[in-house]
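Below: the structure, in structure tokens.
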Amino acid sequence: MKPLIHSLSRLELETECQALGLPSYRAGQIWAWLYARRVADWAEMKNLPAALRAGLASKFDLAGVAPLKTEGDPVGTRKILAGLRDGECVEEVLIPARDRKTVCVSSQVGCRFACVFCASGKGGYVRNLETGEIIGQLLLAWREYGDRPSNIVFMGMGEPFDNYDAVLKAVRIINDAEGLNIGARHITISTSGVVPGIARLADEGIQVELSVSLHAPDNPLRSKLMPVNRKYPLEALMAACTRYAAATRRIITFEYTLIRGVNDTRQHAAALASLLRSIPGRVNLIPLSPVDGFEGQAPDPGTAPLFIEVLGRAGINATTRISKGTNIDAACGQLRLRSRKTL
Ligand code: SAH
């Protein structure tokens, strides 16, 4: 298989052009076709000599993902099944709101983290996505919206920090003023708590938003729900978050999925408040979405307000996330590994 041209950083494309003996402005022209014009065919790169277009086409693939299926409300939350060149596929979700056009992208085919409440880990892990496949999901979303997406969240299938290099390279292309030109503060990376990833991101000098999936305020419960906690327990996670907040001066969002009778009592709320007391953060409460293979239930309607009150008294801002797309299995935790054979 040829490499994807959308997997190249701007610098790598420049080096590639140099190696082909091209004048330096060619890299800029190609970059503009890829990201300002987002062409789907080499033939559309009109200001490039035909021989150069043919040369590029023989060396690189232009499309790493193809839309296989779109579900949902044509003007509301939609899920796109994106087919990859090797026959695998990933799901991405478009979540339009009054003032936003959010895209939730996947970073891996499957997931190795096996959080008990999440569908993405149920089918195991297949492989990392390449940068060009992450970019490809955004190009599909751009076409589907008919407009530039306003917000990108790495909250689809997979653990972004388990595929750190490809994700960060994609982030830089997404953020590049001559790339997809989406502001860093409109890009969110969500992690299940991979401490080395948080530490690396702190030093990147890029102002992206960090979300940490917490879901429990103590080690025994968190280890039961999220096996990653056995490797990176709360002490290590909170230390990384404290350092991240100090280094970036950014506020961290802590995701807390409420599961009835499991992590949603007043005691859990109080323990959560004390865990987060000294970290510049906010809490995003998510009522559990139903998932095959997990028995847990969504919380009572009074639970989120109780958490908001307890956290609020400790000076911690909390809001409830209304999970969208449950009807098409596109809500938080519902994206799962699918094969083309079962379509
Ligand atoms: N692996 C990364 C990116 C996935 S983001 C991470 O864990 O952060 C998906 C978010 O949905 C995470 O916060 C995840 O914990 C949450 N989630 C998973 N299953 C869920 C479910 N059944 N109901 C509600 N939220 C869920």
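The values are calculated or read from the model by the stated rules, or taken from the named source; none is laboratory data. Just so you know, these numbers come straight off a predicted model, no measurement behind them. Methodologically, a virtual Cβ is constructed for each residue, glycine included, from the backbone with ideal geometry; neighbour enumeration extends over all protein chains shown. Surface accessibility is based on the protein's heavy atoms, side chains included, excluding ligands, DNA and RNA. Shrake-Rupley method; radii C 1.70, N 1.55, O 1.52, S 1.80 Å.
Which distance in nm do the two modelled labels at ASP147 and SER223 give, with both placed 7 Å along the Cα-to-Cβ direction?
For the pair ASP147/SER223, the computed spacing is 4.9 nm.
At most 14 other Cβ atoms within 10 Å and a DSSP loop assignment: could you name the GluC sites (Glu not before Pro) in the stretch 223-328 that fit?
When the GluC sites (Glu not before Pro) of the stretch 223-328 are filtered for loop state and at most 14 Cβ neighbours within 10 Å, GLU295 remain.
For the stretch 269-275, in order, what is each residue's ³J(HN,Hα) by Karplus, 6.51 cos²θ - 1.76 cosθ + 1.60 with θ = phi - 60°, in whole Hz (x at glycine and Pro)?
Coupling constants for the stretch 269-275: 4, 5, 5, 5, 4, 6, 4 Hz.
When the label point is put 7 Å from the Cα of ARG100 along its Cα-to-beta-carbon vector, which residues of the stretch 298-336 have a backbone N closer than 14 Å?
The answer is 319-325, 332, whose backbone nitrogens lie closer than 14 Å to the label point.
Do the alpha carbons of any pairs in LYS101/LYS231; LYS46/LYS79; LYS69/LYS122; LYS59/LYS101; LYS79/LYS169 sit beyond 31 Å of each other, and which pairs?
Those over the limit are LYS101/LYS231; LYS46/LYS79; LYS59/LYS101.
Just want to confirm a number: the relative contact order over the chain, from Cα pairs under 8 angstrom separated by 6+ residues, in percent.
So the answer I get is 15 percent.
With the crude spin-label approximation of a point 7 Å out along Cα→Cβ, what separation in nm comes out for ILE251 versus SER9?
Taking the simple label geometry, ILE251 and SER9 are separated by 3.2 nm.
Could you calculate the contour length gain from ALA66 to ARG230, that is, 0.36 nm times the residue separation minus the distance between their Cα atoms, to one decimal place in nm?
The span from ALA66 to ARG230 would gain 55.3 nm if fully extended.
I'd like the isolated cysteines in the chain, meaning no second cysteine's beta-carbon lies under 4.7 angstrom from theirs.
Singleton cysteines: CYS17, CYS89, CYS104, CYS111, CYS241, CYS332.
Rank these residues by their accessible area, most exposed first, probe 1.4 Å: ASP86, ASP165, ASP61.
Highest to lowest solvent-accessible surface, that is ASP165, ASP86, ASP61.
Taking 0.36 nm per intervening residue step and subtracting the Cα-Cα distance, what contour gain separates ALA19 from ASP73 on full extension?
So the extension gain works out to 14.7 nm.
Which is the longest part of the chain that has none of the trypsin sites (Lys or Arg not before Pro) sitting in a DSSP loop with at most 12 other Cβ atoms within 10 Å?
99-248
Report ILE152's accessible area, 1.4 Å probe, all protein chains in place, as a number in Å² to the nearest 10.
Approximately 0 Å² of ILE152 is accessible to the 1.4 Å probe.
Heavy atoms only, probe 1.4 angstrom, no DNA, RNA or ligands counted: give me CYS118, CYS89 ranked by accessible area, highest first.
The most accessible residue leads, giving CYS118, CYS89.
For the pair GLU178/GLN267, report the inter-label distance in nm, with labels modelled 7 Å from Cα in the Cβ direction.
Simple spin-label model gives 6.0 nm for this pair.
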